[in-house]
1. When a/c reaches 1.5 or more, the comparison of a/b and b/c decides; with that in mind, is region 175-256 rounded, prolate or oblate per its Cα gyration tensor?
2. What are the radius of gyration and Dmax of region 86-230, computed over its Cα atoms and given in Å?
3. Of the options LEU229, LEU255, GLY270, report the single residue whose Cα projects farthest towards the positive end of the charge dipole of region 198-271 (beta-carbon charges: Lys, Arg +1; Asp, Glu -1).
4. Using Cα centres only, tell me the gap between region 66-123 and region 238-312 in whole Å.
5. Enumerate the helices in the chain for which the Kyte-Doolittle hydropathy averages -1.0 or more and the C-alpha atoms extend at least 20 Å along the helix's axis, using complete DSSP H runs.
6. For region 22-98, run through the chymotrypsin sites (Phe, Trp or Tyr not before Pro) and keep only the ones in DSSP coil with at most 12 other Cβ atoms within 10 Å of their Cβ.
7. Report Rg(Cα)/(2.2 N^0.38 Å) for region 1-89, keeping two decimals.
Amino acid sequence: MFGAKIAFSLGLMAYLFTRIPIGGVGATLRQADPVWLAAAFLLLVASNLLGSFQWSRLLRAVEIRIPFWKVCSYYHVGLFFNNFLPANIGGDIARVVDASRYGTSKATAFSTVLMDRLVGTVALAGLALVTTLPAIDRFHLSLIYATLVGFFAMSVGVVWIVFHPALLPALERLLARIGLGGLKPHLDDLAGRLQGFRDRRRMFMGLFLVAIVVQVSRIFVHVLVARSLGLAIPVAYFFLFVPLLAVIVSLPISLNGIGVREGAGIVLFGLVGVARAHAFALQFTTYLVALAVSLLGGMVFLLRIPHRRAEARTLRRSP
């Protein structure tokens, strides 16, 4: 499956290169203003700090006490590993392993990462539903919008199951019918870990608002990248298309959204007259900014290796 995603991303990029003027892309990239790019970089870092705050609240809800600066470092390490492993699970695994060092079990840490994902997904899908609504008739996006509604309903449905454990037996019976009854013990254990979140609905409303701010800030990252490339695209179009793009890129069909991001950007921004070369350059540069930010997590990971090795040697020596 992972190999298929790599092949899909490479094939899609190769196809896009046959459909866009490479010279135009190069000319657009060469005129990038480093000041605007630096602003986009800093804004994305700020949004990640908000994302770290969101996760830290979930950690505290299950009595995992981690200093906020460490939560930020673990969050960025997760972003770094998302670049290389399928469906972004590499970053989630890294966060679970790091957080479990301060908790009672990996299952408890996993529950915080799961809830962090769910809050972010519902916020993203909800924002996309609202911002894309004005574009349905004008740009003939009815089918895409219907799919978006389904994605939002599925996300809300998963959250509903978490907060209504009475639905769990029905889910387990359904899984048993399709040959996945062996998951029952794991689901029961996860349900127990999620218990600590069920009486904190006010906290989740606050975290939902934080997640909305995170998503809006990432819209403005695109705006700043466009300014750096000299593209005069009205801000309103970014609100129309960027949340929808984020939902499309989150689908587990490619390697970290490579190819899908650029192709969908060409289609959507092309609806408002943005040239293919410019739309490709916009999406690819935004990806490079995100990659650069994630390298902060890579630096943290490398710098802590000697400390982790020293800890392991101490544990081996202890009786």
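Rule-based calculations on the coordinates, nothing more; no lab input. In this text, all values refer to a predicted model and were calculated from it rather than measured experimentally. Ideal geometry is used to build each Cβ from the backbone, glycine not excepted, and the neighbour counts take in all protein chains shown.
1. oblate
2. Values for region 86-230 (Cα only, Rg and Dmax): 18.3, 56 Å.
3. Working it through, the farthest residue towards the positive pole turns out to be LEU255.
4. 18
5. Numbers: long enough: 2-19 (26 Å, 1.09); 34-61 (41 Å, 1.11); 68-82 (21 Å, 0.52); 106-132 (38 Å, 1.20); 142-163 (31 Å, 2.10); 201-228 (41 Å, 1.39); 235-250 (22 Å, 2.56); 276-317 (61 Å, 0.45).
Span-like helices, by this rule, are 2-19, 34-61, 68-82, 106-132, 142-163, 201-228, 235-250, 276-317.
6. On the way: sites: TRP36, PHE41, PHE53, TRP55, PHE68, TRP69, TYR74, TYR75, PHE80, PHE81, PHE84; in loops: PHE84.
Listed in order of number, the matching sites are PHE84.
7. Working: Rg = 18.7 Å, N = 89, 2.2 N^0.38 = 12.1 Å.
So the Cα radius of gyration is 1.54 times the expected 2.2 N^0.38 Å.
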